[in-house]
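Q: Below is a structure I'd like to ask you about.
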Amino acid sequence: MGDIIQFDMFTVSTLDPPLRDNRDVMEYPFLALQKRRTKPIEYRNSKVSIEVHAPEKFGVATVWDWDLIIFAASHLNEAIERGGKPSPRIQFSPHDALRQMGRTTGGLDYKKLADAIKRLSATLIITNIRFDDQPKEGAQLGFHWLSGFSIPIRYQFDNWMTLDAPDGDPDPAKPWEIELPPWLYNAVLRQRDILAVHPDYFKLTGGIERWLYRLARKSVPDHADAPLFAFRMETLFERSGLSGRLRDFRTKIEDIAARQSLPEYDVVITRDGKRNEMVTLVRNRAKPPRLPRGVPRLSVVED
């Protein structure tokens, strides 16, 4: 048996840092794009293998749950850039987390945040991407999006458990804690494995919208003469990990292209004489850009 490693606690400040996301999770289908999904996500190509599983009680972690990981990665990256000491064990104010993720801060919002933490902790990922960053004991074990968490419970009279909340109500007045697995934490430490994302990302409400923006941010080269990247519609559908029908997916992509709702990028759909559909993600420099490196975000949702 190996020695138990005890990490120091990293405490999140109230600073609103530039957002950072994980490159691999932006590119491949690691997250559910619809709520309450219990069906596993499975994706394979010639080089990449991904399986995502979760108990039915919790469901697969969603692209909305992932906001908390972006929040944590952003603060860790800011600490690294300022010469601070990071740690995979992170303590934060749930009020600050919700505000920085563009959420309101009512009682139900804290319950939803606690549920997101439980889904992230319950979701199991088995992948060959960055094998060296995964926990090993002589075999491939996989990992969870959170290695652990601690959510204080608010006491109600003499008993903190009720029929409506058998696990108790989360207490927003006390700090909460999460712990990132090596697969996520090491990516933040290296910094090259994370990317800046636009602060308006948190304003996107649709799961496919959020996924498409993150895929565009990962795929489209910023400094190319032609900053764009094209996918076949069928390839894009496979990459999404969705379990529905291609025609329904096509309709949603067409809607996004009609509204051009993504920060930084436009979506263009073209068809050739063979009826092949191409979806091109294009950097639109007329849209407001991401904030320069080191500039804090200023847009925070008010109560």
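The values are calculated or read from the model by the stated rules, or taken from the named source; none is laboratory data. Remember, predicted model here, so these are calculated numbers, not experimental data. We place every Cβ from the backbone using ideal geometry, glycine too, and count neighbours over all the protein chains shown. To get the accessible areas, we keep the full protein, side chains included, count just its heavy atoms, and leave off ligands, DNA and RNA. Shrake-Rupley method; radii C 1.70, N 1.55, O 1.52, S 1.80 Å.
Q: Hey, G59 hits all of (1) open to solvent by less than 10 Å² (accessible area, probe 1.4 Å); (2) modelled with pLDDT of 95 or more; (3) under 17 Å from A196 (Cα atoms) but one; which does it fall short on?
A: (3)
Q: Does P227 satisfy the criteria of being open to solvent by less than 40 Å² (accessible area, probe 1.4 Å) and more than 23 Å from the chain's Cα centre (by Cα)?
A: Yes.
Q: When you go through A196, A173 one by one, which is the residue that is touching a residue at least 24 places away in the same chain (Cβ under 8 Å), open to solvent by 20 Å² or more (accessible area, probe 1.4 Å) and among the small types (G, A, S)?
A: Of A196, A173, the one residue that is touching a residue at least 24 places away in the same chain (Cβ under 8 Å), open to solvent by 20 Å² or more (accessible area, probe 1.4 Å) and among the small types (G, A, S) is A196.
Q: Let me ask something additional. Which residue out of A97, A54, A72 is of a type in the set (G, A, S), under 22 Å from R239 (Cβ atoms) and either open to solvent by 10 Å² or more (accessible area, probe 1.4 Å) or modelled with pLDDT of 95 or more (or both)?
A: Exactly one residue qualifies, and that residue is A54.
Q: Here's a follow-up. Does P29 qualify as being at pLDDT below 95 and in contact with a Gly (Cβ under 9 Å, 6 or more places away or on another chain)?
A: The answer is no for P29.
Q: Only one of F249, F202, F229, F237 is at pLDDT 95 or above and in a strand (DSSP E or B). Can you tell me which?
A: F229
Q: Tell me, which helices (runs of 4 or more DSSP H) lie completely within the range 1-109 with 1 or more residues that are of a type outside the set (G, A, S), under 21 Å from L212 (Cβ atoms) and under 16 Å from the mean Cα position of the chain (by Cα)? Quick ask: steps written out before the conclusion?
A: Details: elements: 23-27, 67-81, 94-100.
Per the criteria, 23-27, 67-81.
Q: Among the listed residues G206, G241, identify the single one that is open to solvent by less than 30 Å² (accessible area, probe 1.4 Å), more than 19 Å from V48 (Cβ to Cβ) and in contact (Cβ under 8 Å) with a residue 40 or more places away in the chain.
A: Testing whether each residue is open to solvent by less than 30 Å² (accessible area, probe 1.4 Å), more than 19 Å from V48 (Cβ to Cβ) and in contact (Cβ under 8 Å) with a residue 40 or more places away in the chain leaves just G206.
Q: I've got another one for you. Can you name the residue in the range 84-94 that is open to solvent by 30 Å² or more (accessible area, probe 1.4 Å) and among the small types (G, A, S) and, of all such residues, is nearest to P199 (Cα to Cα)?
A: Among residues in the range 84-94 that are open to solvent by 30 Å² or more (accessible area, probe 1.4 Å) and among the small types (G, A, S), the one nearest to P199 (Cα to Cα) is S93.
Q: Within the range 36-49, count every residue that is within 16 Å of S240 (Cβ to Cβ) and either surrounded by fewer than 12 Cβ atoms within 10 Å (Cβ to Cβ) or at pLDDT 95 or above (or both).
A: At the first step, the residues of the range 36-49 found to be within 16 Å of S240 (Cβ to Cβ) are 37, 39-45, 48.
Retained after the next criterion (residues that are either surrounded by fewer than 12 Cβ atoms within 10 Å (Cβ to Cβ) or at pLDDT 95 or above (or both)): 37, 39-45.
Number of matching residues: 8.
Q: Moving on to the next point. Enumerate the pairs (first residue in the range 77-100 and in contact (Cβ under 8 Å) with a residue 24 or more places away in the chain; second residue anywhere and of a type in the set (F, W, Y) and in a helix (DSSP H, G or I)) with beta-carbon separation below 6 Å, excluding pairs fewer than 6 apart on the same chain, so at least 6 apart or on different chains.
A: Close Cβ pairs satisfying both conditions: P88/Y185; P94/Y110; A97/F71; Q100/F71.
Q: Among the residues of the range 100-118, count how many are open to solvent by 50 Å² or more (accessible area, probe 1.4 Å) and within 19 Å of R20 (Cα to Cα).
A: 1
Q: Next question, about the same structure. If you take the residues of the range 252-283 that are on the phi > 0 side of the Ramachandran plot and charged (D, E, K, R), which of them is surrounded by the fewest Cβ atoms within 10 Å (Cβ to Cβ)?
A: R275
Q: Any idea which of (1) among the hydroxyl-bearing types (S, T, Y); (2) free of Cβ contacts under 8 Å to residues at least 12 places away in the same chain; (3) within 17 Å of V197 (Cβ to Cβ) is the one T235 doesn't satisfy?
A: Only one criterion is unmet by T235, namely (3).
Q: When you scan the range 209-222, do you find a residue that is surrounded by fewer than 17 Cβ atoms within 10 Å (Cβ to Cβ), over 21 Å from A32 (Cα atoms) and in contact with a Phe, Trp or Tyr (Cβ under 8 Å, 6 or more places away or on another chain), even just one?
A: Yes - at least one qualifying residue is present in the range 209-222.
Q: Go through the range 240-288 and report how many residues are in contact with a strand residue (DSSP E or B) (Cβ under 7 Å, 6 or more places away or on another chain) and either farther than 16 Å from A230 by Cβ or of a type in the set (D, E) (or both).
A: Looking only at that region, the number is 6.
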